[in-house]
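Note sheet for the following structure.
The values are calculated or read from the model by the stated rules, or taken from the named source; none is laboratory data. These numbers were taken from a predicted model, which means no experiment stands behind them. Please note: Cβ atoms are built from the backbone with ideal geometry, for glycine as well, and neighbour counts cover all protein chains shown. To get the accessible areas, we keep the full protein, side chains included, count just its heavy atoms, and leave off ligands, DNA and RNA. Shrake-Rupley method; radii C 1.70, N 1.55, O 1.52, S 1.80 Å.
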Amino acid sequence: MSTKLQMKNICKYFPEVVANKNVDLEVIKGEIHALLGENGAGKTTLMNILYGLYSPNAGEIYLDGQKVLIDSPRAAIRLGIGMVHQHFMLIPSLTAVENVILGMKSAKSPRLDLQEAAARFSSLAKQYGFNIQPWVKVSTLTVGQQQRLEILKALIRGADLLILDEPTAVLTPQEVDGLFIMLKKLAIKGHTIILITHKLKEVMSFSDRITVLRGGSVVATLKKEDTNPEELSKFMVGREIIEEYAKASYNPQDLVLELNKLSCNSDRGLEALKGIDLQVHKGEILGICGVDGNGQTELVDCITGLTRVTNGEILLNGENITNMHPREIIDRNVSHIPEDRHKRGVVLAMNLIENIMMMDYYKPPYAKGIVLQWKKIESRVDNLINDYQVKTPSSKEIMNNLSGGNQQKVVLGREMTRDLDLLIAMHPARGLDVGATEYIHKKIIEVRDDAKAVLLISTELDEILALSDKIAVIYGGEIMGIVTPQVQIHELGLMMAGAKKNQTN
Amino acid sequence: MYNEAIIFFAAAVRTSTPLLIAALGLLYGSRAGIRNIGAEGMMLIGAIVGVAGSYYTGNPWVGALLASLSGALTSLIFAFLVVTAGAYPPVCGTAINLFGLGVSTVLARVIFGMNTTMPIIASFSKINVPLLSKLPVLGPILFQQNPLVYVTIIILPMIHYVLFKTELGLKIRAVGENPKACETVGINVCSIRYGTIVYGGFMCGLAGAYVSMALLSFFTENMIAGRGFIALAVLTVGNLNPLGALGAALLFGAGEAVQYRLQVSGTGVPYQFAMMIPYAMTLLALSGIFKKPVKSSASNGIPTMKNRGD
Ligand SMILES: Nc1ncnc2c1ncn2[C@@H]1O[C@H](COP(=O)(O)OP(=O)(O)OP(=O)(O)O)[C@@H](O)[C@H]1O
Ligand SMILES: [Mg+2]
């Protein structure tokens, strides 16, 4: 057992933020090493240093016992380091295969040999069970498919030290299993894997050793056998985490959202929703569960006015809002936590204040006529940062400099502190640490207990089961059936794979 | 009538060529996320340097080469400001335009003196291509032109090929869309941007030399007269595509040819109206009447990885 990677005494300071402080990380050849820590603990920063994207203020890196200088991703790739980033590094207007081979040299260099690349792409995709066509535009792929493409991108470059920054955040349970089987195989072949994740279950079932970061420093490095999830969450957030939430008894009241025979087309012009009927009441959380890419995105886009409804109608509190302008829908107290925070949730180049005020800046009390009321705005923003424990040096920091989880907290805070009748939450806990996940789940339950309607869309079964009062299973743009959270997992699985709910039960 | 049409189209090709050369130059940079609106200034510098080069050496090709290099050199200033210093591209482009106007004017006065008549210089004159120029219709339109037109006809497919069929082209297209993603796969975004910008300057310099040595054969102050901006419009109407740029350049070139014809034919239309044609077309083009969703690169010149923290 030899040491593959040693990072010694790594320090990284950003203006006003200590992201890494005297970090020592040792990774053994052929292991799956989990890197844990709460949002903003410095995990991504540490890995960006290893991948040559950031240069550390101090510290040394040894690969296979040799001291190395990694001053650019190019150097990292040459040393056999591959990284799948937390936020996709894909170019939407290019095809899948173009994305995968971007920056690589082919045998026919400088000519572009897309045919050969596509063949390699397909065989690799098949080998790992990824269902992606080489010639599709990346912009038409679902979030889950994009993630798989990223993994493929690292593999095709022949990396033997593979860094995966929250790779499973967007995968379905089945896909997660598939991914880990593949990672195990890679590890057996001698690849070394560093895995960042917030999901302790995955850590306990698939990793060999674990390093926990907190506030930029290492608090523990443990063997998996010597620890348990309770201890790990204590290391991470300093307390134990509950996973069962207290809820008021289920007491649905007036109808808030009603979908009648709703149909629409996807970006590719195919029919994405085929006559959806759904109802959400006050005081109710309706969970939509299903494998990613079965119409969830389009469903949310229809309700929020972001895509055209081709057939059917959407009623909000009895009013027909079908194909209304998004702002008109927002003004009817519909909150939306989008699936892709970078695309739809935040403007990365703007600061926290601007992002938080994006929907309300023109309304009293934040504006009087055309004059912004900065005191009011600042107090709202500061409260939100406090309540949602957003880790940031100030409210004037630009979004791009926040860690992934903290960006998500800003979106959550903005959407949940508005006046709302209907909350549409898509993957609300994506990228959040265990503590923040618990917090946000409690908040969603509060919204529901406050007699508001909640539509929760998630590919995480645990999340759906823990929060929902009723669960609708979506498959191929149709609702397979509506069940209660007491449903057998097995039955849910069948419905997610396209079996209609049995009429007899 | 037939002859009239042939003459008109030949003139359109002649007037559209500088627009196309400049547009083909600006195309790569725009694809890589940085549009240099300093085309006008670089063309002006190219125009005077070309004339001066030809004046001293007696060889228009040497003049054209020097003109291209002067454009490239000027664009290096732009590249430094935008890529290295992270300045806002449109402001830097404007600076280049002012710089170009000033420098070309001063150079002309220093070299040729003030208020004297311009000397005769060796310029690019019409050369008939053997065989091809005998073709009906196409012959007189395309193959009885000056040599720079032929150069353009040859490089157009090459530019298209590089952009869409080579690894370099893929990098250029990708850098404009998501520079950060490109850095993570080891592409040097800065050098791609420097390269495309300097290449753009080279082509703009050549386009300037075309105006002063093929379209005309002398230099006058501010002689580019907005062609640099029209080239930017050509790029937009052509949807950042070489073939699209060809179509758009011909359209604008035809506009200019119409203007000349109206001016000389004495139709009673005030000549000021005729002169407006290319500029009015530019305005229309940029307002999006020709084509709706105009492509622009997503990153739009935002410098990358500002926050390396070092
Ligand atoms: N480019 C940057 N400029 C300024 N501050 C930064 C930058 N990148 C990260 N930070 C700060 O450094 C700290 C660590 O961030 P990092 O992204 O490493 O966290 P993380 O552990 O990956 O969190 P998460 O689980 O939320 O992704 C955060 O407080 C973040 O705000
Ligand atoms: Mg992170």
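Among the residues of segment A:77-87, those that are assigned to a loop (DSSP other than H, G, I, E, B) and more than 8 Å from chain B (Cβ to nearest Cβ) comprise A:LEU79, A:GLY80, A:GLN86, A:HIS87. Within segment A:455-479, the set of residues being assigned to a loop (DSSP other than H, G, I, E, B) and within 16 Å of A:GLY498 (Cα to Cα) comprises A:THR459, A:GLY476, A:GLY477.
Taking the criterion of being part of a helix (DSSP H, G or I) and small (Gly, Ala, Ser), the residues of segment B:98-113 that qualify are B:GLY100, B:GLY102, B:SER104, B:ALA108.
Of the residues examined, A:GLU415 is not one that is open to solvent by 30 Å² or more (accessible area, probe 1.4 Å) and among the acidic types (Asp, Glu). The residues listed here are A:LYS137, A:LYS185, A:LYS199; of these, the one that is within 16 Å of ligand 2 (Cβ to nearest atom) and open to solvent by 20 Å² or more (accessible area, probe 1.4 Å) is A:LYS199. Taken over segment A:156-177, the criterion of being over 13 Å from A:VAL97 (Cα atoms) and assigned to a helix (DSSP H, G or I) is satisfied by A:PRO167, A:THR168, A:ALA169, A:VAL170, A:PRO173, A:GLN174, A:GLU175, A:VAL176, A:ASP177. On the stretch given as segment A:28-58, residues that are more than 26 Å from the chain's Cα centre (by Cα) and not in a loop (DSSP other than H, G, I, E, B) total 2. Taking A:LYS391, is it part of a loop (DSSP other than H, G, I, E, B), charged (D, E, K, R) and within 16 Å of ligand 2 (Cβ to nearest atom)? The answer is yes for A:LYS391.
Among all residues of segment A:306-314, there is none that is within 24 Å of A:LEU412 (Cα to Cα), open to solvent by less than 30 Å² (accessible area, probe 1.4 Å) and in contact with a Leu (Cβ under 7 Å, 6 or more places away or on another chain).
The set of residues from segment A:218-234 being open to solvent by 30 Å² or more (accessible area, probe 1.4 Å) and part of a loop (DSSP other than H, G, I, E, B) comprises just one member, A:ASN228.
Being open to solvent by 20 Å² or more (accessible area, probe 1.4 Å) and either touching a helix residue (DSSP H, G or I) at 6+ places or on another chain (Cβ under 8 Å) or at pLDDT 95 or above (or both) holds for only one residue in B:LEU98, B:LEU131, and it is B:LEU98. Whether a residue is open to solvent by 10 Å² or more (accessible area, probe 1.4 Å) and within 16 Å of ligand 2 (Cβ to nearest atom) was assessed, and A:GLU166 passes this test.
Tell me, please, whether a residue that is under 20 Å from the mean Cα position of the chain (by Cα) and open to solvent by less than 40 Å² (accessible area, probe 1.4 Å) can be found in segment A:371-389. The answer is yes, given that some residue of segment A:371-389 is under 20 Å from the mean Cα position of the chain (by Cα) and open to solvent by less than 40 Å² (accessible area, probe 1.4 Å).
Check segment B:168-188 and report whether any residue there is open to solvent by 40 Å² or more (accessible area, probe 1.4 Å), more than 9 Å from chain A (Cβ to nearest Cβ), assigned to a loop (DSSP other than H, G, I, E, B) and modelled with pLDDT under 95. Checked against the condition, which is being open to solvent by 40 Å² or more (accessible area, probe 1.4 Å), more than 9 Å from chain A (Cβ to nearest Cβ), assigned to a loop (DSSP other than H, G, I, E, B) and modelled with pLDDT under 95, segment B:168-188 yields no hits at all. Restricted to segment A:79-102, and to residues there that are within 16 Å of ligand 2 (Cβ to nearest atom) and aliphatic (A, V, I, L, M), the residue that is surrounded by the most Cβ atoms within 10 Å (Cβ to Cβ) is A:MET83. Scanning segment A:38-78 for residues that are within 15 Å of ligand 1 (Cβ to nearest atom), touching a strand residue (DSSP E or B) at 6+ places or on another chain (Cβ under 9 Å) and open to solvent by less than 30 Å² (accessible area, probe 1.4 Å) yields a total of 13.
Kindly provide the set of residues from segment A:88-146 that are more than 20 Å from A:ASP340 (Cβ to Cβ), within 14 Å of chain B (Cβ to nearest Cβ) and among the hydrophobic types (A, V, I, L, M, F, W, C), ordered by number. Scanning segment A:88-146 gives A:VAL97, A:VAL100, A:ILE101, A:LEU102, A:MET104, A:ALA107, A:LEU112, A:LEU114, A:ALA117, A:ALA118. Taken as a whole, the condition of being within 16 Å of ligand 2 (Cβ to nearest atom), away from chain B (no Cβ under 14 Å) and under 30 Å from A:ARG214 (Cβ atoms) applies to A:ASP433. Regarding B:ALA225, is this residue in contact with a Pro (Cβ under 8 Å, 6 or more places away or on another chain) and more than 9 Å from chain A (Cβ to nearest Cβ)? Answer is no for this residue.
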